[in-house]
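Report on the following structure.
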Amino acid sequence: DREYAAASLARPAAMRSLLIDTIRRRGGVIRRDDALALFPLHVVDDALRTAALVVAHPGVYRLPDADDRSTHWRAALAYCRTGALSHTDALELWGLPSSLSERVHVTVGPDASAAKSPGVRQHRRLTYAPEAPLVRERDGFRVVRLEQAILESWPLLPLLDRRAPAIVAVRDRR
């Protein structure tokens with residue numbers, strides 16, 4: 001990607017296209033600092049100005065046509081850096097019954113940034129560490145353990161749906 005950056009002044013449209021291709025290969029999401037490590041500032045800002053990129057969260061961009069749940073998960077994890085999907089989003093990723101909210105739930109450590117974004121609900125946990133045994137990798141996403149997701153989701157689920165994730169997990173011997 002870096003070799004293309006030298007040609008950016010001569011071909012801004014071509015550079016924007018390379019930026020978009022790079023982001024597409026990364027699942028439709030990129031942090032601003034990562035984009036600037038690969039492309040000059042004017043290329044990134046031009047992509048934003050022309051709506052070739054949209055702001056997902058402060059310092060995190062996504063492609064405008066990438067508006068599915070997995071892209072929102074990727075963007076939330078990019079925003080929270082060391083966080084892991086949790087609560088109802090973790091249930092969904094573990095394949096258990098869930099009811100998703102507009103905001104993505106991410107568990108972070110006590111030292112994580114206090115900055116807020118409307119699309120992310122950060123849950124601080126004193127004992128959180130972004131590695132096993134507290135965090136697993138599932139379908140390319142960092143996610144809290146299954147048991148933790150079930151417990152954390154309980155108060156967020158409708159009353160009649162609260163038992164379903166635990167029942168399914170036990171029934172399927174997960």
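The values are calculated or read from the model by the stated rules, or taken from the named source; none is laboratory data. Just so it is clear, the model here is predicted, and its values are computed rather than measured. When we count neighbours, we look across all protein chains shown, and the Cβ atoms used for this are built from the backbone with ideal geometry, even at glycine. Protein only, heavy atoms only, side chains kept; ligands, DNA and RNA dropped before computing areas. Shrake-Rupley method; radii C 1.70, N 1.55, O 1.52, S 1.80 Å.
Things to note:
- Assuming charge only on the beta carbon of Lys and Arg (+1) and of Asp and Glu (-1), the dipole of the chain about its Cα centre is about 300 debye to the nearest 20.
- Antiparallel DSSP beta bridges within region 1-140, as percent of all bridges there, nearest 5: 65
- Percent carbon-and-sulfur accessible area, the chain, ignoring ligands, DNA and RNA, probe 1.4 Å: 55
- 222 nm mean residue ellipticity, helices alone, for the chain (DSSP H n ≥ 4; -39,500 (n - 2.57); rounded to 500): -11000 deg cm²/dmol
- Potential lengthening of the chain between Arg11 and Leu159 amounts to 47.6 nm, from the contour at 0.36 nm per residue minus the alpha-carbon distance.
- Chain lengthening between Leu41 and Glu137 when straightened (0.36 nm per residue, less Cα-Cα): 31.3 nm
- Using a cutoff of 8 angstrom between alpha carbon atoms and counting only pairs six or more residues apart, the relative contact order for the chain works out to 17 percent.
- Here the 3J(HN,Hα) profile of region 118-130, calculated from phi with Karplus coefficients 6.51, -1.76 and 1.60 at θ = phi - 60°, is x, x, 10, 10, 8, 10, 8, 10, 4, 9, 6, 9, x Hz, Gly and Pro shown as x.
- Region 17-32-region 35-52 distance, computed between alpha-carbon centres (Å): 11
- DSSP-defined antiparallel bridges as percent of all bridges, region 51-126, nearest 5: 55
- Normalised per residue, the accessible area of the chain is 54 Å², obtained with a 1.4 Å probe and no contribution from ligands, DNA or RNA.
- Here each label is just a point 7 Å from Cα along the line to Cβ, and for Ala115 and Thr50 those points are 2.6 nm apart.
- Modelled FRET efficiency - R0 22 Å, Ser70 with Ser99, Cβ distances, 0.05 increments: 0.80
- Label-point separation in nm, Val168 to Arg81, each point 7 Å along Cα→Cβ: 3.4
- Each peptide in 14-24, 80-90 was scored by the mean count of other Cβ atoms within 10 Å over its residues; highest first, the order is 80-90, 14-24.
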